[in-house]
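Read through the structure below, which is laid out as structure tokens, and then see the notes.
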Amino acid sequence: MVINILVLVTYDVNTESGSGKKRLRHVAKKCTDYGQRVQNSVFECSVMPDQYVRLKNELKEIIDKERDSLRFYLLGKNWDRRVETLGKDDSYHPDKDVFIL
């Protein structure tokens, strides 16, 4: 049985040009395909290991490596002991909350 891992994806895309704004939208859309936005440029993605590799590769193809930055924080399968929230918390629980579209 493969267990999902939680990955925190953060990004900074240079939006000084029209192409940068397009990249920003594309990065956000791709992250939405894999997880939930928790802050402006921060996504929590509960994924299987192969999905994590796919996500990284897909994002790598979108960004401008000279102008943009991506960071991936692997919180693993026991992430709930590593995440602490102070203040307003409207977040979801990636392994318990179910969204029906």
| task | Would you check if Asp95 is over 14 Å from the mean Cα position of the chain (by Cα), at pLDDT 85 or above and either surrounded by 11 or more Cβ atoms within 10 Å (Cβ to Cβ) or assigned to a helix (DSSP H, G or I) (or both)? | result | no
| message | So Asp68 passes all but one of these: (1) at pLDDT 95 or above; (2) out of contact with any Leu (no Cβ under 9 Å at 6 or more places or on another chain). Which condition number does it fail? | response | (2)
| query | Only one of Leu55, Leu59, Leu24 is over 19 Å from Leu74 (Cα atoms) and either assigned to a helix (DSSP H, G or I) or touching a residue at least 24 places away in the same chain (Cβ under 8 Å) (or both); which? | reply | Leu24
| field | Residues of segment 27-52 satisfying the condition of being assigned to a helix (DSSP H, G or I) and not acidic (Asp, Glu) | value | Val27, Ala28, Lys29, Lys30, Cys31, Thr32, Tyr34, Pro49, Gln51, Tyr52
| note | Flagged pairs (Cβ under 8 angstrom, 6 or more apart or on separate chains; first in segment 1-15, loosely packed, with under 15 Cβ neighbours inside 10 Å; second charged (D, E, K, R) and part of a loop (DSSP other than H, G, I, E, B)) are Ile3/Lys77; Asp12/Asp68
| task | Please verify whether segment 62-71 includes one or more residues that are part of a loop (DSSP other than H, G, I, E, B), loosely packed, with under 13 Cβ neighbours inside 10 Å, at negative phi and without any contact (Cβ under 8 Å) to a residue 40 or more places away in the chain. | result | yes
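The values are calculated or read from the model by the stated rules, or taken from the named source; none is laboratory data. This is a predicted model, so every value here is computed, not measured. In this analysis, Cβ positions are derived from the backbone assuming ideal geometry, glycine residues included, and neighbour counts consider all displayed protein chains.
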